[in-house]
Amino acid sequence: MLVHLDQGAALPVSRLADHMGLAASTVSEALTKLEALGFVHKAAAASDRRQVGVRLTAKGVAAVREGSVLETQRLRRVLARMPARDRVAVVSGLTRLARACGPAIDGKRSANG
């Protein structure tokens, strides 16, 4: 759940639930536990006090980084152990993937605001 959140902009709980395909009550319950552990911060939206937004805390950001296979330091260590030929192939593949995802990501952002 943490990987779907950002430290800067708060995401409405209802939107997070929709994105994850879960009931808002299930997501809200999980977020309450994550907030108690210090991973997220929940607050009412300024524009609509009925709407609750959630964002990562510094502890939440650290947890996401530590758990990510793409965390920068972990990725550097793995790539450093690979033969140069394999590193070139990985970088090439990831570059192609990023380019292919670019239009899809941009389209999703414009469709969802």
Can you list residues whose amide H is under 5 Å from Glu71's amide H, if they're 5+ apart or on another chain and H is modeled 1.01 Å from N?
none
Given only helices, namely DSSP H runs of n ≥ 4 each adding -39500 (n - 2.57), what is the per-residue ellipticity at 222 nm of the chain, to the nearest 500 deg cm²/dmol?
-20000 deg cm²/dmol
Apply the Karplus parameterisation 6.51 cos²θ - 1.76 cosθ + 1.60, with θ equal to phi minus 60°, to every residue of the stretch 72-85 and state each ³J(HN,Hα) to the nearest whole Hz, in sequence, with x for glycine and proline.
3, 5, 5, 4, 4, 5, 5, 4, 5, 7, 7, x, 3, 4
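Only the coordinates and a few stated rules stand behind these numbers; no lab work does. Given the structure is predicted, the values throughout are model-derived calculations rather than measurements.
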